[in-house]
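First the structure, in the form of structure tokens, and then the observations on it.
The values are calculated or read from the model by the stated rules, or taken from the named source; none is laboratory data. Since the model is a prediction, treat every value here as computed from it, not as a measurement. For neighbour counting, all protein chains shown are included, and Cβ atoms are generated from backbone atoms with ideal geometry for every residue, glycine included.
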Amino acid sequence: MTESKKVNSRRRSGDRLLVLLAVLYFLGVVLGTILYCTADADKTGILDGIAEDMILARSGQSFWQILVNSFSGAFVLLLICFFLGFCVISAPIEMLVPMFRGLGAGAATAAMYRMYGLHGAAASALLIVPNAVFSAFVLIIAARESVRFSAALYSSSFGRETERERPDVRLYYTKFIILSAGLALSALTDSVLTIVFEETWTSLLGI
């Protein structure tokens with residue numbers, strides 16, 4: 001196989017993987033919503049209490065506190081993708097990271113709607129959706145790069161001699177640095193929206 005054909009084959013494979021990971025994320029959103037809506041009253045009560053505490057805390061936080069909290073949650077998942085990439089058999093776990101993120105987003109949005117009705121849905125458009133969508137995009141790409149790096153490690157270790165290629169560790173590091181910057185931008189946007197529209201969402205939620 002010529003070099004150009006190899007590049008095209010990898011690109012198509014990467015695109016298919018990206019679509020699969022996006023589907024897993026949206027499946028996670030749906031499952032998170034369903035699990036929340038079908039959970040018993042005790043469990044939803046605990047989740048509602050956590051969500052309400054987070055909302056009240058956010059209303060009293062500074063710009064920098066919101067920024068750090070918004071960034072840290074997604075960054076932990078990014079680090080998980082990064083480190084799992086160095087394991088040759090971790091691809092199934094890596095692919096579940098976007099789904100896990102979707103579970104949280106779906107449950108949080110459902111909790112907001114259950115507690116505050118349409119006002120909660122409107123507030124979610126400011127407090128949850130922007131950061132959830134942008135950070136999900138970053139984590140989906142991170143999961144793809146993690147899976148591809150794991151596959152490259154497997155191929156270099158156990159593949160046929162003629163197909164072995166040394167994984168580009170430096171490029172892998174660079175990609176995740178860029179993805180970290182993407183998460184920082186997402187957290188920055190989340191913080192700005194929270195502060196600028198604080199009167200709007202606090203009024204919607206009656207805080």
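Looking only at the stretch 113-140, filter to residues that are more than 9 Å from the chain's Cα centre (by Cα) and small (Gly, Ala, Ser); which one of those is surrounded by the fewest Cβ atoms within 10 Å (Cβ to Cβ)?
Among those residues, the one meeting the criterion is 117.
Please go through the stretch 1-47 and give me each residue that is small (Gly, Ala, Ser) and either at pLDDT 65 or above or surrounded by 13 or more Cβ atoms within 10 Å (Cβ to Cβ) (or both), ordered by number.
13, 14, 22, 28, 32, 39, 41, 45
Assess whether residue 105 counts as being assigned to a helix (DSSP H, G or I), within 23 Å of residue 20 (Cα to Cα), more than 22 Å from the chain's Cα centre (by Cα) and at pLDDT below 95.
no
Which of the following residues is touching a residue at least 12 places away in the same chain (Cβ under 8 Å), surrounded by 15 or more Cβ atoms within 10 Å (Cβ to Cβ) and touching an Asp or Glu at 6+ places or on another chain (Cβ under 6 Å): 184, 110, 143?
Details: 184 fails: touching an Asp or Glu at 6+ places or on another chain (Cβ under 6 Å); 110 fails: touching an Asp or Glu at 6+ places or on another chain (Cβ under 6 Å).
It is 143.
Give the stretch 158-207 a look and list any residue that's small (Gly, Ala, Ser) and either at pLDDT below 90 or not in a helix (DSSP H, G or I) (or both), or say none.
Taking the stretch 158-207 and keeping what is small (Gly, Ala, Ser), we get 159, 180-182, 184, 186-187, 191, 203, 206.
Selection gives 159, 203, 206.
Here is a check on your reading of the model: is residue 204 buried (at least 19 other Cβ atoms within 10 Å of the Cβ) and either under 24 Å from residue 92 (Cα atoms) or among the aromatic types (Phe, Trp, Tyr) (or both)?
Here the answer is no, as residue 204 does not meet what is asked.
Do you know which residues across the stretch 76-92 are assigned to a helix (DSSP H, G or I) and crowded, with 17+ Cβ neighbours inside 10 Å?
The answer is 77, 78, 80, 81, 82, 84, 91.
Criterion first (in a helix (DSSP H, G or I), under 14 Å from residue 29 (Cα atoms), of a type in the set (A, V, I, L, M) and without any contact (Cβ under 8 Å) to a residue 12 or more places away in the chain) does residue 133 satisfy it?
Considered against the rule, which asks whether it is in a helix (DSSP H, G or I), under 14 Å from residue 29 (Cα atoms), of a type in the set (A, V, I, L, M) and without any contact (Cβ under 8 Å) to a residue 12 or more places away in the chain, residue 133 comes out as yes.
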